[in-house]
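Presented below is the structure to which this report refers.
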Number of protein chains: 2
Amino acid sequence: MGEALALAERSRAQTAPNPNVGCVIVAEGRIVGQGWTQPGGRPHAEAVALAQAGAAAEGATLYVTLEPCAHVSARGPACADLIRAARPARVVVALTDPDPRTNGQGIARLRQAGIAVTEGVCRGEARRSMAGFLTRLALGRPHVTLKLATSLDGRIALPSGESRWITGPEARADVHRERARHEAILVGRGTFEADAPRLDVRLPGLEHRSPRRLLLTRGPAPEGWEALSDVADLGALTGVDHLLVEGGAGAAAAFLAADAVDRLLFYRAPILIGAGTSAIGDLGLASLAEAHGRWRFIEARSLGSDRREVYERERD
Amino acid sequence: MGEALALAERSRAQTAPNPNVGCVIVAEGRIVGQGWTQPGGRPHAEAVALAQAGAAAEGATLYVTLEPCAHVSARGPACADLIRAARPARVVVALTDPDPRTNGQGIARLRQAGIAVTEGVCRGEARRSMAGFLTRLALGRPHVTLKLATSLDGRIALPSGESRWITGPEARADVHRERARHEAILVGRGTFEADAPRLDVRLPGLEHRSPRRLLLTRGPAPEGWEALSDVADLGALTGVDHLLVEGGAGAAAAFLAADAVDRLLFYRAPILIGAGTSAIGDLGLASLAEAHGRWRFIEARSLGSDRREVYERERD
């Protein structure tokens, strides 16, 4: 399943509104088929892997990060039917598909055909892998990551406005990798005017993955940009299942106050600034109790002399 | 050496102006003697371990976190002479003693007696273990740890002043363990007046390790407190080789601006506060370049839902 999850990463932010799924078929200890959702959402991962495996799929084990779909579409057959026809002995599924057109029916159809099905393997990783698709289904808007590049004391600039650079080259390269995992990036008006950011992906081979650029503004969008007039309009963005909010403090506060952030991505430089610009504007908290119970630590690692930390919103 | 370093921790903050040293004697794969500097600074770790080992020390290996002293004092003989008399085959030393009365002479005296000496084993850990003693020798003042308990965005209170609690019970218990590792704790006038902190060690069995309480103030000290009128007077504090600065933002800034902080101890709660009180006041930085190159990441771990992070000042 680890391999299937890795394959799914290849089409992250390229399949909206479809999920980015990965699939691996193993026969006698060898991988005989691999697939991932193709850009645009079709063909599905299972269809690609089954085509590669051919007759070798019979009696094999098929690993897939999301329950095979049970609905026939104009763009292709139901994956559950394709799998039944290929007759694997066993199917291992990370996550049940919450799409009401499938939602357990895919698995039921496999079991009716006598195929053994195991559910819930690497469920957490699969939820993270398909966060864009799942957030769109559950909350009707893209999955939102808020990036914050700060000093150890949470500052993003000196009182003079100087902000280049807080973090080092390794952290900045990681930001470019993160951009390639999002369909769109957003900044606020202040950051746009102060920094005129390019917000592109400057990594060899990934230049074409530069995301759409959004400006949080009630005014018109500059050339090459799209305007988002209010966080409440987030759900209306089409073709965007993953949004990266890059600042500044006002945009961060607007998204947080609307509870429209699902993931916090910190880059912390080993410096102290003291007086300066804070990363997050006024959230209007009435008490500390309101602040607790929202965020869960996921991972931390070093990037050069900086630290990268990820937190996720707890919504259960 | 790991065992010797662990023994040295038992007398941390109880041996000033002497170093807290640990010593282990191993013969034929068995520990035959263990010692650590006793409270008040005498007897030394080697004397305790040798007394315990008796005749078993002959031909054994002696591990010690600091070079054995070469100077006879009114309070006891030189450890190098005690070791020569016990005739171990080998002595392993973590750190050469920078005290000018020893500074290599202890090791030379052992080698003259035909004892094999290995130096520099776990040097970094030993430097950390004896940071109080070493800072006093090198900089003429105590080793200073600045504790910062903040939200993810570096806040220590809401705009209303509410600050209890940002961190959870595990992190607060860790603060009490840290207090027991320091001879004195300091807060600024604002924190004293807002919180009237007790600053004691509320851990079973360690209540007697509650450190002296210092207030950074030009005025008189309240009962039970001592006044430090200026960070520049730090060197004059006697009996204090480890000082824990617990805040607030003004005291933190005063120590940082004077470059009088050696270790940053962060406790970060998984919350965002936005507008509020920052952990560190104005440092008067003229450029970001001034802020870089000072701090090095040492370790991070989870304490309940909070994260603890340690950074150290780079002075080389």
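The values are calculated or read from the model by the stated rules, or taken from the named source; none is laboratory data. The structure presented is a predicted model; accordingly, all values stated were derived computationally and were not measured. Glycine gets a Cβ as well: all are built from the backbone with ideal geometry, and neighbour counts include every protein chain shown. When the accessible area is computed, the model is the full protein with side chains, heavy atoms only, and any ligands, DNA or RNA have been set aside. Shrake-Rupley method; radii C 1.70, N 1.55, O 1.52, S 1.80 Å.
The charge dipole of chain A, taken about its Cα centre with unit charges on the Cβ of Lys, Arg, Asp and Glu (plus for the first two, minus for the last two), comes to roughly 500 debye. Stretching A:Ala173 away from A:Arg75 to a fully extended chain increases their span by 31.5 nm, per 0.36 nm per residue minus the current alpha-carbon distance. Between identical copies, the spacing of B:Thr238 label points, each set 7 Å from Cα toward the C-beta atom, reads 8.2 nm from nearest to farthest. Each principal axis of the Cα atoms in the stretch B:1-131 has its own extent, and those three values, largest first, are 33, 28, 27 angstrom. Ranking of B:Phe266, A:Phe192 by solvent-accessible surface, largest first: A:Phe192, B:Phe266 (1.4 Å probe, protein heavy atoms only, all chains present).
Report, in debye and to the nearest 20, how large the dipole of the stretch B:37-150 comes out about its Cα centre when Lys and Arg carry +1 and Asp and Glu carry -1 on their Cβ. It comes to approximately 280 debye. The mean accessible area for residues of the protein assembly as shown, using a 1.4 Å probe and ignoring ligands and nucleic acids, is 41 Å² per residue.
Each copy carries a label point for B:Val72 at 7 Å from Cα toward Cβ; from one copy, the others' points are 10.4 nm away, ordered from shortest.
Note on the stretch B:141-313: Kirkwood radius taken over Cα pairs, Stokes-Einstein applied at 4 °C and 1.567 mPa s, translational D equal to 78 µm² s⁻¹.
Looking down the axis that turns chain B into chain A, the chain B residue with its beta carbon nearest that axis, and the gap rounded to whole angstrom, comes out as B:Gly154, 1. Projecting 7 Å from Cα along the Cα-to-Cβ direction, the label point of B:Arg90 sits 5.1 nm from its equivalents in the other copies, listed shortest first. Close amide H partners of B:Ala279, meaning residues 5 or more places away or on another chain with modelled amide H under 5 Å apart, are B:Ile156. For chain A, the longest principal axis of the C-alpha atoms and the axis of helix A:169-179 are separated by about 50°.
Taking only the Cα atoms of the stretch B:234-316, the radius of gyration and Dmax are 14.5, 41 Å.
Farthest toward the positive end of the dipole of the protein assembly as shown, out of B:Thr102, B:Ser302, B:Phe255, is the Cα of B:Thr102, where the dipole comes from beta carbon charges about the Cα centre. Using Cβ point charges alone (K and R +1, D and E -1), the dipole size of the protein assembly as shown about the Cα centre works out to roughly 860 debye.
Carbon and sulfur together cover what percent of the accessible area of the stretch B:1-131 at a 1.4 Å probe radius? In the stretch B:1-131, the share of accessible area belonging to carbon and sulfur is 49 percent. Computed over the stretch A:186-255, the Cα gyration tensor eigenvalues convert (square root of 5λ each) into semi-axes of 20, 15, 11 Å, ordered from largest to smallest. Computed from the C-beta positions of B:Arg218 and A:Ser160 and an R0 of 25 Å, the FRET efficiency is 0.25 to the nearest 0.05.
Computed from label points 7 Å out along Cα-Cβ, the spacing between A:Asp282 and A:Ala196 is 3.2 nm. Computed over chain B, relative contact order equals 16 percent, with contacts defined as Cα pairs under 8 Å that lie 6+ residues apart. Considering only Cα atoms, the convex hull volume of the protein assembly as shown works out to 201 Å³ per residue. Modelled label positions at A:Arg123 and A:Ala6, each set 7 Å beyond Cα in the direction of Cβ, lie 2.5 nm from each other. Between the exposed loop cleavage positions of chain A, defined as trypsin sites (Lys or Arg not before Pro) in a non-H, G, I, E, B DSSP state with at most 10 neighbouring beta-carbon atoms within 10 angstrom, the longest gap is A:1-163. The convex hull drawn around the Cα atoms of chain B, when projected onto a plane and averaged over every direction, covers 17.9 nm². Each other residue within a Cβ distance under 12 Å of B:Val92 adds +1 if Lys or Arg and -1 if Asp or Glu, for a net charge of -1.
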